[in-house]
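Nothing in this text is a laboratory measurement; each read-out follows from the coordinates by a stated rule. The structure displayed is predicted, hence computed values, not measured ones. Here Cβ is always computed from backbone atoms with ideal geometry, including for glycine, and neighbour counts include all displayed protein chains.
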Amino acid sequence: MASRRRGIGAIDKSRIDKAKFAAKGTEIADLQLSHIAGQLETFKKHLEEFASKHKNEIRKNPEFRNHFQQMCARIGVDPLASSKGFWAQTLGVGDFYYELGVQIIEICLATRERNGGLMTFEELKKHVTKSGSKTRQDVSEEDLARAIKKLRVLGGGFTVIPVGGRRLVQSVPGELNMDHTAVLQKAESTAFISKSVLINELKWSEVRAQSVLDHLVREGMAWIDDQASDGERLYWFPGLFETRG
Amino acid sequence: MAVEQSLSRALASFQWPWQYEFPPFFTLQTNLDTRNKQMDAWCDLTLAYYRHIKAFTMDVNEAQSSPLFNNSKANRKLSVDFIRLILDTLEKRGNVEWQDTSKSRCLIMWRSPQEWGQLIYQWACDQGLGSSVCTLYEIHSGEYATEQEFYNMEPWMVKKAIVALAREGKAEYIPGTAPDDSDAGVKFFT
């Protein structure tokens with residue numbers, strides 16, 4: 001029967017062991033951390049080199065730009081965070097989205113008269129591309145979404161609403177709740193909706209359907225049409241309505 | 001129908017606004033902001049249409065079936081009440097003058113009398129008509145005015161333009177002796 005050490009000595013010994021283990025642990029952790037930090041540093045350096053080297057590509061090619069954004073996001077770098085700092089200075093990427101954001105605001109303001117502050121991404125893109133500037137020719141919907149996200153710091157007003165396979169930008173303050181977006185989703189392909197469709201397809205009560213439609217009319221996002229062939233009032237969305245040319 | 005043919009030919013080059021294809025444009029809107037936008041667009045469209053076809057008078061009942069207020073492709077049209085509402089708004093803006101109290105006919109001035117006056121005055125100066133008398137007929141149908149925008153303009157509009165010029169001291173209106181004033185004249189001060 002092996003004797004076990006007891007008494008003060010034993011306690012001291014275990015305390016010392018613990019401290020030793022802890023020290024070793026910290027040492028290993030430090031080592032690992034510095035190793036990882038070193039790796040990250042190297043990666044960041046490579047990323048920066050890569051970015052400087054492909055600066056023009058990043059500015060011009062939307063697909064390339066998107067991949068680059070994702071790569072940066074993975075290591076916690078946001079080249080869009082500000083227009084100052086290394087990334088913006090080397091790339092001018094911050095400026096790119098900043099300028100695009102300003103342009104989006106201008107377009108939304110100019111077309112609000114027509115669409116009541118609701119616009120499809122396709123339409124927005126058409127306007128951005130029309131502006132004539134060369135770097136604007138290859139703006140993707142991803143770029144638009146990113147620029148709009150940046151606009152949120154300016155306070156409410158700019159929101160992206162997904163409807164079906166498309167996206168809408170809402171440029172007027174005013175909450176659209178789930179019911180409102182459900183109506184937009186239903187109207188997405190035809191640009192109009194009727195109360196009976198909401199009642200039949202979404203299984204809404206008449207009161208609910210009517211109040212949602214009334215809200216959209218009140219917000220100036222929907223127009224009423226009393227000349228449909230079956231006599232039921234239709235609600236049209238100018239923001240979803242595409243015209244020729 | 002020669003008239004309809006020439007109208008559709010004239011309209012082939014007309015730029016319809018996007019709203020013309022938008023079905024609710026033909027229903028009076030309940031939201032006041034939206035309704036104001038709608039009314040502005042109808043006023044602009046009405047004047048642009050009349051300017052394009054170079055017409056100056058409207059019979060409200062006939063207008064109901066004209067392409068302006070009746071989009072047969074979209075199967076939407078304006079009611080007589082709606083048309084009167086547009087014309088009343090245009091009257092307030094100085095572009096329309098009702099010709100009867102029942103509001104069935106009106107004059108449409110897509111240019112104000114002052115604007116027409118200015119154009120005619122410029123033409124008179126270019127023609128060297130200063131201080132000589134010419135008839136209103138020479139202005140709207142004369143051989144020297146064929147290139148002008150006011151060529152073929154209705155006589156009442158020419159008269160209004162001259163009266164506006166007279167008010168500015170740039171011309172004198174000389175009433176005619178015929179009962180319908182068809183031989184009226186004008187003296188330009190250049």
Per-residue ³J(HN,Hα) for segment A:99-112, Karplus 6.51 cos²θ - 1.76 cosθ + 1.60, θ = phi - 60°, Hz, x for Gly and Pro: 5, 4, x, 4, 5, 4, 4, 4, 5, 4, 5, 5, 9, 4
Per residue of B:25-33, count partner chain C-beta atoms within 10 Å of its C-beta, then hand back the mean as an integer. 5
Cα centroid separation, segment B:12-85 to segment A:34-55 (Å): 63
Other protein chain Cβ atoms within 10 Å, averaged over every residue that makes up B:12-24: 4
Please average, across the residues of A:219-231, the number of beta carbons from any other chain that are within 10 Å of each residue's own beta carbon, and give a whole number. 5
Chain B: Rg/Rh from Cα coordinates, Kirkwood Rh? 1.03
Chymotrypsin sites (Phe, Trp or Tyr not before Pro) in segment B:126-190 lying in a DSSP loop, each with at most 13 other Cβ atoms within 10 Å of its Cβ, come to none
Could you sort B:6-15, B:36-45 so that the peptide with the highest average Cβ count within 10 Å comes first and the rest follow in order? B:36-45, B:6-15
Less than 28 Å apart at the alpha-carbon level, and either on another chain or at least 8 residues along: which lysines does that give for B:Lys170? B:Lys54, B:Lys92, B:Lys159, B:Lys160, B:Lys187
Using a 7 Å offset from the Cα along the Cα-to-Cβ direction at both A:Thr42 and B:Ser104, what is the distance between the two label points in nm, to one decimal? 9.5
In a Gaussian network model over chain B where Cα atoms closer than 10 Å are linked, find which of B:Ser102, B:Ser72, B:Ser132 has the largest mean-square fluctuation. B:Ser102
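Report the FRET efficiency, 1/(1 + (r/R0)^6), for B:Ser112 and A:Ile161, where r is their Cβ-Cβ distance and R0 is 41 Å, rounded to 0.05.
Calculated value: 0.35.
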Given a Förster distance of 60 Å, report the FRET efficiency between B:Val163 and A:Glu63 from their Cβ-Cβ distance, rounded to the nearest 0.05. 0.35
Just report the Cα centroid separation between segment A:195-228 and segment B:145-185, whole Å. 55
For n ≥ 4 DSSP H runs only, could you compute -39500 (n - 2.57) per run for the protein assembly as shown, divide by its residues and tell me the 222 nm figure to the nearest 500? -16500 deg cm²/dmol
Please list, or write none, the lysines whose alpha carbon is within less than 29 Å of the alpha carbon of A:Lys13, excluding same-chain residues fewer than 8 places away. A:Lys24
Provide the FRET efficiency to the nearest 0.05 for the B:Glu149-A:Ser34 pair, computing r from the beta carbons and using R0 = 60 Å. 0.10
For A:Glu232, put the label point 7 Å out on the Cα→Cβ axis and report which residues of segment A:166-210 keep their amide N under 14 Å from it. A:187, A:192-207, A:209-210
Amide H contacts under 5 Å for B:Arg76, restricted to residues at least 5 apart in sequence or on another chain and with H modeled in the peptide plane, are B:Asn71
